[in-house]
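The values are calculated or read from the model by the stated rules, or taken from the named source; none is laboratory data. Source: prediction; values computed, not measured. Every residue, glycine among them, receives a Cβ derived from its backbone with ideal geometry; neighbour counts consider all protein chains shown. Surface areas here come from the heavy atoms of the whole protein model, side chains and all, with no ligands, DNA or RNA. Shrake-Rupley method; radii C 1.70, N 1.55, O 1.52, S 1.80 Å.
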Amino acid sequence: MKPANLLFILSDEHSRRVLGCYGHGMIRTPNLDRLAASGVRFADAYTNSPICVPARAALATGRHVHQIRFWDNAIPYDGSVPSWHHRLRDAGHEVTAIGKLHFRNADDDNGFTEEVMPLHVVDGIGDPLGWLRDPLPVRKATLRLASEAGRGDSSYQDYDARITAAAVEWLEARASKRPDRPWALFVSLVCPHFPLIARPEWYDFYPEAEVPLPALYDAAAREPDHPYIAAIRECQVYDKGFDRESLRRAIAAYFGLVSFVDHNVGKLLEALAATGLADSTRVLYSSDHGDNLGTRGLWGKSNMYEEAAGVPMLLAGPEVPEGFVCHEPVSLVDVFPTVTACVGLATHPDDRDLPGSSLFDVARRVAPPRTILSEYHAAGAATGAFMIRKGRFKYVYYAGMMPQLFDLGSDPQETRDLARQPGYQGLVADCERALRRVVDPDAADALAKADQRARIDAFGGYEAILQRGGFGHSPVPGTTAVYT
């Protein structure tokens, strides 16, 4: 494959279930749908952790969260583990980031040639409330989700507009240059992450009376519930603030934000074409994690259901098959070898043990067999959660709690837990063995909790963190967090 430039567009909290090319019947995403039609759509792509900071650390380093120990939103990536940005920059490639990174700060060597308008964690610390897991605190800031939802403007939409404009300018400036090595541009948008506020031109695409209500929203439809999920509901109390009116406003706003993301993607693709760079540039689109969007009464992320753990993954450009749907499961750690393969960079000796594979190889069915992994040790997690796929089955291991097993082929909404049914005990055992070949889940759970306890002690204890409070979402550059 001939080396080429890479435009990598990452959104934040975009569930792959809310995309036209993934089968959603109402959402308007024409630009992303065209991108999928012109390349490869990975039908079963996952985050390696359904929350921002660890997901982005895994994306950067190509390693699982338990390997790098950036467990939660207050233990951010600090440049200490080599990233694909380091590898490209150190080999002489220009690699620029524009937008949200959610690393520790810009003073660390995060590996980029340049960081433009970066959003990093609050005060270089982030969200210490996520360390508190025994007992789980009630995160009162989550109640703002319902009260804020609806039509309007927000700092996040303004930030994404500025990110997109800066990226277009960057591409225009490169049009006249002929570097001897391909470049990589990482454009990291913050929408459709909450607050669920969408500008009228996007919000009004989705009349409130016509948007679908969340699946399994009524309490009776959630039975039998899992204790891990029940604990999250009592910690992240998002749904306690909703009534039927605000519920529909929130969904309409999320849909509007997804269409706003699509609009910005369209501007970037138009800039590639207008500058003559399209023939020498591949495009990768994904998101750091999904959003439950009210399904089962859950919002945000923090669990292994498809809404939260599933992400879109689209790849297009020179020498990429057109209109191909790949059903081999992939995850964000596959981005590292994909980026290096795209620009023609040989594998660094220290990267030969990376768990991911190039998406080019996965699409061509030449990638070695592997087990994709998502794990969660952060806000709302009473214990560590670990997810793998085995064919059409999804297996979720909870340290100290009963596992879950779902047949995604016959039960895509994950309503029938097969883990305790007698006829599936052999498959449950096979799945646990497959998981343990990737990670010892109990040891990883203990290590995460030990690292977090040490941070709690250094901060001044559980009560000191409660006194600091929490904030609903990270502020954009130049603004401050609002604590509750």
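For beta carbons closer than 7 Å, sequence separation of 6+ or different chains, a first residue in segment 29-55 that is over 30 Å from Arg104 (Cβ atoms) and touching a residue at least 24 places away in the same chain (Cβ under 8 Å) and a second that is open to solvent by 10 Å² or more (accessible area, probe 1.4 Å) and of a type in the set (Phe, Trp, Tyr), the qualifying pairs are Val40/Phe324. Residue selection: Leu101 satisfies the criterion of being more than 17 Å from Asp451 (Cβ to Cβ) and either touching a Pro at 6+ places or on another chain (Cβ under 6 Å) or of a type in the set (S, T, N, Q) (or both).
Against the list (1) open to solvent by less than 20 Å² (accessible area, probe 1.4 Å); (2) over 25 Å from His102 (Cβ atoms); (3) under 19 Å from the mean Cα position of the chain (by Cα), the condition Cys21 fails is (1).
Pairing residues of segment 341-365 that are without any contact (Cβ under 8 Å) to a residue 60 or more places away in the chain with residues that are open to solvent by 50 Å² or more (accessible area, probe 1.4 Å), at Cβ distances under 7 Å and at least 6 apart in sequence or on separate chains, gives Ser357/Pro368; Ser357/Arg370. One residue stands out among those in segment 209-258 that are over 25 Å from Thr383 (Cβ atoms) and among the basic types (Lys, Arg): the one that is most open to solvent (accessible area, probe 1.4 Å), which is Arg244. If we scan segment 2-19, do we find a residue that is within 30 Å of Val211 (Cβ to Cβ) and β-branched (Val, Ile, Thr)? Yes, segment 2-19 has at least one match.
Just one of (1) touching a strand residue (DSSP E or B) at 6+ places or on another chain (Cβ under 7 Å); (2) at positive phi fails for Gly323. It is (1). Condition check: farther than 27 Å from Ile75 by Cα, in a loop (DSSP other than H, G, I, E, B) and open to solvent by 10 Å² or more (accessible area, probe 1.4 Å). Does Leu345 satisfy that? Spelling it out, Leu345 is indeed farther than 27 Å from Ile75 by Cα, in a loop (DSSP other than H, G, I, E, B) and open to solvent by 10 Å² or more (accessible area, probe 1.4 Å). Here Pro182, Pro137 are screened, and the one residue that is closer than 23 Å to Ala381 by Cβ, in contact with a helix residue (DSSP H, G or I) (Cβ under 7 Å, 6 or more places away or on another chain) and surrounded by 14 or more Cβ atoms within 10 Å (Cβ to Cβ) is Pro137.
Within segment 223-271, the set of residues being in contact with an Asp or Glu (Cβ under 9 Å, 6 or more places away or on another chain) and outside any helix (DSSP H, G or I) comprises Pro224, His226.
Please determine whether any residue of segment 421-429 is within 16 Å of Ser331 (Cα to Cα) and touching a residue at least 24 places away in the same chain (Cβ under 8 Å). The answer is no; no qualifying residue exists. For the condition surrounded by fewer than 22 Cβ atoms within 10 Å (Cβ to Cβ) and either within 19 Å of Phe255 (Cβ to Cβ) or at pLDDT below 95 (or both), Gly290 does not qualify.
Annotation: Glu201 fulfils all but one of (1) part of a helix (DSSP H, G or I); (2) open to solvent by less than 70 Å² (accessible area, probe 1.4 Å); the unmet one is (2). Counting only strands (runs of 3 or more DSSP E) wholly contained in segment 351-466, the ones carrying 1 or more residues that are surrounded by fewer than 21 Cβ atoms within 10 Å (Cβ to Cβ) and among the basic types (Lys, Arg) occupy 385-390.
For Leu284, state whether it is out of contact with any Pro (no Cβ under 8 Å at 6 or more places or on another chain) and open to solvent by less than 10 Å² (accessible area, probe 1.4 Å). Here the answer is yes, as Leu284 does meet what is asked.
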